[in-house]
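K.L.:
Right, I'll just put the structure down here and ask away after.
The values are calculated or read from the model by the stated rules, or taken from the named source; none is laboratory data. From a predicted model like this one, the values you see are computed outputs, not experimental measurements. Note: ideal-geometry Cβ built from the backbone for every residue, glycine included; neighbour counts use all protein chains shown.
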Amino acid sequence: AQSVSQHNHHVILSEAASLELGCNYSYGGTVNLFWYVQYPGQHLQLLLKYFSGDPLVKGIKGFEAEFIKSKFSFNLRKPSVQWSDTAEYFCAVKEGRDDKIIFGKGTRLHILP
Amino acid sequence: DGGITQSPKYLFRKEGQNVTLSCEQNLNHDAMYWYRQDPGQGLRLIYYSQIVNDFQKGDIAEGYSVSREKKESFPLTVTSAQKNPTAFYLCASSELPGQNYGYTFGSGTRLTVV
């Protein structure tokens with residue numbers, strides 16, 4: 001069965017630090033990849049997604065992610081975090097022709113002001 | 001504004017009771033989904049539906065039931081057979097898989113068994 005692994009359960013950074021959240025998936029075929037974010041008290045919302053083409057995907061609020069097929073990875077990055085980036089981040093994968101998304105367990109990001 | 005409405009926001013249930021969580025969308029999306037979110041567990045798929053009058057079990061369907069009588073509505077019933085129902089329940093919808101695929105989420109229902 002397909003699975004999604006997020007390496008860090010809880011990350012604490014100071015403002016202006018660089019961020020990289022790891023995500024690996026297990027499926028070897030064609031995949032669509034997503035990062036969702038859940039700010040405190042708010043809906044889950046889409047941060048960015050990869051379907052095809054350029055493996056470096058840019059999303060909202062200065063986030064980007066790179067799809068590395070050989071490593072089955074889709075790590076999320078941001079060069080300089082802000083206090084408002086405090087949230088829980090979920091990596092997610094849809095495999096091939098499947099019709100549902102599988103989520104990782106999430107990474108709680110806490111930014112110190 | 002288009003979106004997904006989940007109600008109620010908070011729900012308390014006595015052990016042995018069935019409860020139904022509402023999910024309505026006005027996005028004209030074909031597919032709808034129910035997930036359960038527990039701390040440290042991420043989102044786990046309960047049921048999903050791609051078309052009216054049809055739905056499929058997800059990874060943790062036991063103790064839950066759904067219906068899809070209308071395109072815009074996908075209610076979830078948590079039955080007394082669900083051993084640990086206290087959780088945060090999220091409904092999502094999407095167009096069918098294609099370049100626009102990706103979920104829109106509701107604001108969730110927090111269910112507590114008392």
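K.L.:
So which residues in region A:53-86 are buried (at least 17 other Cβ atoms within 10 Å of the Cβ) and under 12 Å from the mean Cα position of the chain (by Cα), if there are any at all?
P.N.:
A:VAL57, A:GLY59, A:PHE63, A:ALA65, A:PHE67, A:SER73, A:PHE74, A:ASN75, A:LEU76, A:LYS78, listed by residue number.
K.L.:
If you don't mind, there's one more thing I want to ask. Going by the structure shown, is B:TYR103 loosely packed, with under 12 Cβ neighbours inside 10 Å, touching a residue at least 40 places away in the same chain (Cβ under 8 Å), touching a strand residue (DSSP E or B) at 6+ places or on another chain (Cβ under 6 Å) and within 14 Å of chain A (Cβ to nearest Cβ)?
P.N.:
no
K.L.:
Considering (1) closer than 20 Å to B:GLN6 by Cβ; (2) in a strand (DSSP E or B); (3) more than 12 Å from the chain's Cα centre (by Cα), say which one B:PRO85 fails and leave the rest.
P.N.:
Failing condition for B:PRO85: (2).
K.L.:
I'd like to verify a number: residues in region A:14-29 that are surrounded by 13 or more Cβ atoms within 10 Å (Cβ to Cβ) and either at pLDDT below 95 or assigned to a strand (DSSP E or B) (or both), how many?
P.N.:
Count: 8.
K.L.:
Here's something else I'd like to know. Taking the stated definitions as given, is B:ASP59 within 30 Å of A:HIS7 (Cβ to Cβ) and surrounded by fewer than 17 Cβ atoms within 10 Å (Cβ to Cβ)? I'd like the intermediate steps shown before the answer.
P.N.:
On the way: within 30 Å of A:HIS7 (Cβ to Cβ): yes; surrounded by fewer than 17 Cβ atoms within 10 Å (Cβ to Cβ): yes.
Taking the combined requirement at face value, the residue satisfies it.
K.L.:
Of the conditions (1) of a type outside the set (Phe, Trp, Tyr); (2) farther than 28 Å from A:ARG108 by Cβ; (3) within 11 Å of another protein chain (Cβ to nearest Cβ); (4) in contact (Cβ under 8 Å) with a residue 40 or more places away in the chain, B:LEU27 fails just one. Which one is it?
P.N.:
(3)
K.L.:
Starting from region A:45-60, keep only residues that are within 16 Å of A:VAL93 (Cα to Cα) and within 11 Å of chain B (Cβ to nearest Cβ), then list their pairs with residues that are part of a loop (DSSP other than H, G, I, E, B) and among the polar types (S, T, N, Q) whose Cβ atoms are within a distance under 7 Å, requiring at least 6 positions of separation or different chains.
P.N.:
A:PHE51/B:GLN99
K.L.:
Of all residues in region A:62-109 being assigned to a strand (DSSP E or B) and among the acidic types (Asp, Glu), which is farthest from the other protein chains (Cβ to nearest Cβ)?
P.N.:
A:GLU66
K.L.:
If you don't mind, another one. Restricting attention to region B:86-99, does a residue exist that is surrounded by fewer than 17 Cβ atoms within 10 Å (Cβ to Cβ), of a type in the set (D, E, K, R) and under 25 Å from A:GLU95 (Cβ atoms)?
P.N.:
Looking through region B:86-99, at least one residue is surrounded by fewer than 17 Cβ atoms within 10 Å (Cβ to Cβ), of a type in the set (D, E, K, R) and under 25 Å from A:GLU95 (Cβ atoms).
K.L.:
Somewhere in region B:33-53, is a residue closer than 30 Å to A:ASN8 by Cβ, out of contact with any helix residue (DSSP H, G or I) (no Cβ under 6 Å at 6 or more places or on another chain), exposed (fewer than 12 other Cβ atoms within 10 Å of the Cβ) and within 14 Å of chain A (Cβ to nearest Cβ)?
P.N.:
Yes, region B:33-53 contains a residue that is closer than 30 Å to A:ASN8 by Cβ, out of contact with any helix residue (DSSP H, G or I) (no Cβ under 6 Å at 6 or more places or on another chain), exposed (fewer than 12 other Cβ atoms within 10 Å of the Cβ) and within 14 Å of chain A (Cβ to nearest Cβ).
K.L.:
Yes or no: region B:1-20 includes at least one residue that is within 13 Å of chain A (Cβ to nearest Cβ) and under 20 Å from A:LYS49 (Cβ atoms).
P.N.:
Yes, region B:1-20 contains at least one residue that is within 13 Å of chain A (Cβ to nearest Cβ) and under 20 Å from A:LYS49 (Cβ atoms).
K.L.:
Okay, next question. Being part of a strand (DSSP E or B), at pLDDT 95 or above and over 27 Å from B:CYS91 (Cβ atoms), is that true of even one residue in region A:36-57?
P.N.:
Among the residues of region A:36-57, at least one is part of a strand (DSSP E or B), at pLDDT 95 or above and over 27 Å from B:CYS91 (Cβ atoms), which makes the answer yes.
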